[in-house]
Amino acid sequence: MTAATISQDDFLKFQEYFYRKTGIRFEDSKRYFVDKRLLERIGHTESANFREYFARLRFEAGGSELQALVNLMTVNETYFFREEYQFDCLVNSILPDIVARKRDKSPIRIWVLPSSSGEEAYTIAMCLIERWPGITDHDVEIISSDIDTKILAQAKAGLYSARSTMHVPEAYLRKYFTKTAGGFQIDDALRSAVDFTRVNLQDPSDVRPYRNFDIIFCRNLLIYFDDVSRKQAAETFYDALQPGGYILLGHSESMSRISSLFQIRKFADAIVYQRPGVGK
Amino acid sequence: MAFIKKSPEPRNLADDERTGSRDFEGLICKLDDPDSGVRRWAARDLAVHPGASAALLGRLERENEVSVREVILTALVRIADLVAVAGFVSCLRSEDANLRNEAIEAMKSLPVEVAPIMRGLLVDQDADVRIFAINILESLRHPDVEAWLLEVIERDPMVNVCGTAVDLLSEVGSSASHDALERLKARFAAEPYIQFAADLALQRIAPASDGQK
């Protein structure tokens, strides 16, 4: 038995299928990346060739092989200012729109999940302080949630490696971090700006209290869910948001492929999704 | 102004629309509430009640609010009992295109439940239902998909039904499809689309990409 290979037709078949299932399209320039991972899974599943593996991928009732492949094909790494254009969109377009529709003095509520080790929530806090003049006039509540209590403890501690902070502007690094033996620690003021909570997005009793948010950041999570769980999550977000509230997904994720509940909003910096309805 | 902390607490529920009876009967009543938010939450909570399919399907037929329809469909997929699956089949025959598409999408998520009725759908008297059944196969995770498609191209008299099946075979077909595709070409020798689609499928299943053993 010789080693399996991936032909151009195989690649096209896989490309079409993977796009339909995940919204991620691998161009020809990614052939090496894709082939390497496909061959790894072909070997791992002891499939004789691509065709046998592809049949397993498509037709396995539980979908566990598709999930294993998704995990392999996506980069699960978080760091400060990841996909920074979305934070630009937040301060340049989303917050001004929310403020313009607000009719009371209630806080602007932002929900971040998965929290992971807190980089995203702290990035939002820094962006609001440094880049959004409205922070002087409005209270903001940032809640960062995760199912993993260990990672939440890590987020609260606010200790980060140099790799995690490499995209933090130098001025912010000096202002909001102190150097430690292993990297950096975020300062107390910023740590106290974020509320970290444990929540299982798939558990209705867990998510029921999460209501009246203006903005939800849920980036690079739904891609790891199966189709039904993804729809259920979209429905949870719909009810967690105020009418007119916004949801931001990862760059390879598309709400339109999951649910028709949200409207697409194209802003100068990013495409985001909005719960229809009047503002408060 | 500043950052503030006020974590969500379960007690916050006391003053929202999810108050009142959350038992089965209470939730069924709330499916007809004038407030779409109440209907949506009722449908969501009914997803854990196996006996709720008939009521959810009934509501789906007359529900106009898209956000409620979506939650009802997800709840039915979660329940996935015989009543829910039979209800989806009825939706395939509806004049309402949205409802048909919703049923197709829902059935794609239910390979185990849909498999026992698939052969029946693929020989349904209504050619549109047969095409919708093939649409379901497009994303159905089941090992018999290719075999079902071969049965269609071997015997279905309608060119549109066979064309839809061949399109899918070009993606999922193996060398086992080769002879059936050749026979299909012979059966519809005067149909240019079948010739084109079958040739494409044959090209894609050619042994070239199979010979890495």
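No lab work stands behind these numbers, since they all come straight from the coordinates. Every value quoted in this text rests on a predicted model; they were computed, and no experiment measured them. Because the Cβ atoms are built from the backbone with ideal geometry, glycine has one as well, and the counts that use them run over all protein chains shown.
Quick notes on this one:
- With Cα atoms, 0 to 90° folded angle of helix A:50-59 axis to chain A main axis: 50 degrees
- Ranked by the mean number of other Cβ atoms within 10 Å of their residues, highest first, the peptides B:134-144, B:160-170 fall in the order B:160-170, B:134-144.
- Summing +1 for each Lys or Arg and -1 for each Asp or Glu among the other residues whose beta-carbon sits under 15 angstrom from that of A:Pro96 gives -1.
- For peptides B:178-187, A:192-201, sequence by mean Cβ density within 10 Å, most packed first: A:192-201, B:178-187
- Net charge dipole size for chain A [Lys, Arg +1 and Asp, Glu -1 on Cβ; Debye, nearest 20]: 320 debye
- Considering only A:Val112, A:Ala171, A:Ile42, and ranking their Cα positions along the charge dipole of chain A that arises from unit charges at the beta-carbon of Lys, Arg, Asp and Glu, the one farthest toward the positive end is A:Val112.
- Taking every Cα-Cα distance in chain A and sorting them into 10 Å bins starting at zero, the pair-distance distribution P(r) comes out as 6, 26, 30, 23, 12, 3, 0, 0 percent.
- Between the residues A:Ala157, B:Val68, A:Val99, the greatest Cα displacement towards the positive end of the dipole of the protein assembly as shown, with unit charges on the Cβ of Lys, Arg, Asp and Glu, is found for A:Ala157.
- Note on A:59-68: average number of Cβ atoms from other chains within 10 Å of each residue's Cβ is 3.
- Taking N as its residue count, the alpha carbon Rg of region B:54-156 over 2.2 N^0.38 Å: 1.05
- Reach of A:Lys156 by Cα under 19 Å, taken over aspartates and glutamates that are not fewer than 8 positions away in the same chain: A:Glu77, A:Glu119, A:Glu120, A:Glu141, A:Asp146, A:Asp148, A:Asp187, A:Asp188, A:Asp195
- Axis angle, to the nearest 10 degrees, between helix B:178-187 and the longest C-alpha principal axis of chain B: 80 degrees.
- Computed Kirkwood radius, in angstrom, where 1/r is averaged over Cα pairs of the protein assembly as shown: 25.1 Å
- Electrostatic dipole magnitude of region A:38-117 [Cβ: Lys, Arg +1; Asp, Glu -1; Cα centre; debye, to 20]: 500 debye
- Helix axis angle, A:8-22 relative to chain A longest principal axis, alpha carbon, degrees: 40 degrees
- Debye log10 I(q)/I(0) for chain B, one point scatterer per Cα, at q = 0.08, 0.12 Å⁻¹: -0.41, -0.72
- Counting DSSP beta bridges with both ends in the protein assembly as shown, the antiparallel % (nearest 5): 35 percent
- Theoretical ellipticity at 222 nm over the protein assembly as shown - DSSP helices of four or more residues, -39500 (n - 2.57) apiece, nearest 500: -15000 deg cm²/dmol
- Alpha-carbon gyration tensor eigenvalues x 5, square-rooted, for region A:83-178, Å: 24, 17, 11
- Counting Cβ atoms of other protein chains within 10 Å of each Cβ in A:208-215 and taking the mean gives 4.
- Karplus-derived 3J(HN,Hα) values for region B:88-93, using 6.51 cos²θ - 1.76 cosθ + 1.60 with θ = phi - 60°, are 4, 4, 4, 4, 4, 8 Hz; glycine and proline are entered as x.
- Here the dipole of the protein assembly as shown is about 1120 debye; that uses its Cα centre as origin and unit charges on the Cβ of Lys and Arg (positive) and Asp and Glu (negative).
- Binned Cα-Cα distances of region A:104-159, short to long, each 10 Å bin given as a whole percent: 24, 47, 25, 4
- Under conditions of 37 °C and 0.692 mPa s, region B:91-213 yields 221 µm² s⁻¹ as its translational diffusion coefficient, taking Rh as the Kirkwood radius over Cα pairs in the Stokes-Einstein equation.
- A Stokes-Einstein calculation at 37 °C with viscosity 0.692 mPa s, built on the Kirkwood radius of region A:25-137 over Cα pairs, returns a diffusion coefficient of 183 µm²/s.
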